[in-house]
Amino acid sequence: EYIDSYYFNQVEDIRFNSTVGKYVGYTEHGLKNAEAWNKGSELAQELGELERVCKHNAANHYSAVL
């Protein structure tokens with residue numbers, strides 16, 4: 001599971017969660033930005049990071065834990 005959170009003044013505004021597959025806003029400002037980011041290129045970039053970093057290295061990290 002890949003989670004990328006964005007904070008402002010120690011309050012979580014927005015979170016990308018790979019299980020949900022989109023940005024979720026937690027404040028009024030975060031809701032507006034999450035809606036815009038889900039429609040724009042930011043979502044494609046985040047999904048690209050999921051493929052590039054997480055799925056590529058998941059087997060390595062899993063075997064190291066075992």
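The values are calculated or read from the model by the stated rules, or taken from the named source; none is laboratory data. Predicted, not measured: the structure shown is a model, and the values here were computed from it. Positions of Cβ are backbone-derived with ideal geometry, glycine not excepted, and every protein chain shown enters the neighbour counts. What goes into the accessible areas is simple: the full protein's heavy atoms, side chains included, and nothing from ligands, DNA or RNA. Shrake-Rupley method; radii C 1.70, N 1.55, O 1.52, S 1.80 Å.
Here are a few things to note about the model shown:
- Counting only protein heavy atoms and a probe of 1.4 Å, the accessible surface of the chain is 54% carbon and sulfur.
- When the helices of the chain are scored as -39500 (n - 2.57) per DSSP H run of n ≥ 4 and the total is divided over every residue, the value at 222 nm lands at -14000 deg cm²/dmol.
- Centroid-to-centroid, using Cα positions, region 35-51 and region 1-32 are 12 Å apart.
- With all protein chains kept in place, the per residue accessible area of the chain amounts to 75 square angstrom at a probe of 1.4 angstrom.
- Over the chain, relative contact order from alpha-carbon pairs under 8 Å, at least 6 apart, %: 21
- Cα→Cβ-extended label distance, 7 Å offset, between N9 and R52, nm: 3.3
- Heavy-atom accessible area ranking, 1.4 Å probe, most first, across T27, T19: T19, T27
- Our analysis of region 1-65 gives Rg over Rh at 1.06, with the two radii drawn from alpha carbon positions and Rh computed by the Kirkwood formula.
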